Amino acid sequence: MTTPDFEAQLRGVSLRVTRPRLAVLTAVHEHPHADTDALINRVRGDLGAVSHQAVYDVLRALTDAGLVRRIQPAGATARYESRVGDNHHHVVCRSCGAIADVDCAVGHTPCLTASDDHGFVVDEAEVVYWGTCPDCAAGSVGAQPASTTPQ
């Protein structure tokens, strides 16, 4: 996406267009599943000096507005992604922490239907698949996957 696209997205959810918001939105789009520290470093590379708090505030505003999704698999730090508006899931490497998107299960999926919804109107299910990424499975000690986005 381009800066004008991001500006339109911000205006579309009634957020002011600011350099920090544009920089954070760009970083999240370019680096899906990045944690806050990685995003802070990317934003600082783009803008120069920017506080941790400013990035946290922007991430919260973007998440609250539905432009960014915050995910936090059990035992992991929070990550951010720009893929919103669908019910996709994630696969996480137990060894290196790499995360990739997984489209919603298709076909017969009994585990996605609550056995007792307690009267809730269920509109989303969140599934996290855990395993070992190809790099770690191949025995690449300490190697990070080249990409954490789906192939």
TODO: Determine the dipole magnitude for segment 25-85: charges of +1 sit on the beta-carbon of Lys and Arg, -1 on that of Asp and Glu, nothing else is charged, the reference point is the Cα centre, and the result goes in debye to the nearest 20.
DONE: 120 debye
Open item on the list: Using a 4.7 Å cut-off between beta carbons, which cysteines in the chain end up with no partner cysteine at all?
Closed with: C96, C104, C111, C136
- [ ] State the extension gain, in nm to one decimal, for the chain segment bounded by D35 and E124, taking 0.36 nm per residue of separation less the distance between their alpha-carbons.
- [x] 29.7 nm
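In which sequence would I40, I71 go, from the one with the fewest C-beta neighbours within 10 Å to the one with the most? List each step's numbers first, then the result.
On the way: I40 20, I71 17.
Going from least to most buried by this count: I71, I40.
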Open item on the list: Can you compute the charge dipole magnitude of segment 86-137 about its Cα centre, using +1 on each Lys and Arg Cβ and -1 on each Asp and Glu Cβ, nothing else charged? Give it in debye, rounded to the nearest 20.
Closed with: 300 debye
Task: Positive-end residue, segment 86-137 charge dipole about Cα centroid, Cβ charges, pick of V91, G119, G131 - done: G131
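Based on the Cβ-Cβ distance of V102 and R44, what FRET efficiency does E = 1/(1 + (r/R0)^6) give at R0 = 22 Å, to the nearest 0.05? Before the final figure, lay out each step's value.
On the way: r = 31 Å, r/R0 = 1.42.
The formula returns an efficiency of 0.10 here.
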- [ ] With a point put 7 Å past each Cα toward its Cβ, work out how far R19 is from L112 in nm, to one decimal.
- [x] 4.4 nm
Open item on the list: About the Cα centre, and with charges only on the beta carbon of Lys, Arg (+1) and Asp, Glu (-1), how big is the dipole of the chain? Nearest 20 debye, please.
Closed with: 600 debye
Task: 3J(HN,Hα) from dihedral phi, segment 91-99, Karplus parametrisation 6.51/-1.76/1.60, rounded to Hz, x for glycine, proline - done: 10, 10, 7, 5, 8, 9, x, 4, 10
Task: Structure-based [θ]222 nm, the chain - -39500 (n - 2.57) summed over DSSP H runs of at least 4, per residue, nearest 500 - done: -10000 deg cm²/dmol
- [ ] Would you mind computing, in nm to one decimal, how far apart the modelled labels at Q53 and R70 are, each placed 7 Å from Cα along Cα→Cβ?
- [x] 1.7 nm
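Ranking T132, T77 by Cβ neighbours within 10 Å, fewest first, what do you get? Each step should come with its number before you reach the end.
Numbers: T132 14, T77 11.
The most exposed by this proxy come first: T77, T132.
Read the figures in this text as sums done on the coordinates, not as results from a lab. Computed from a predicted structure; not experimentally measured. Every residue, glycine as well, gets a Cβ built from its backbone with ideal geometry; the counts of neighbours run over all protein chains shown.
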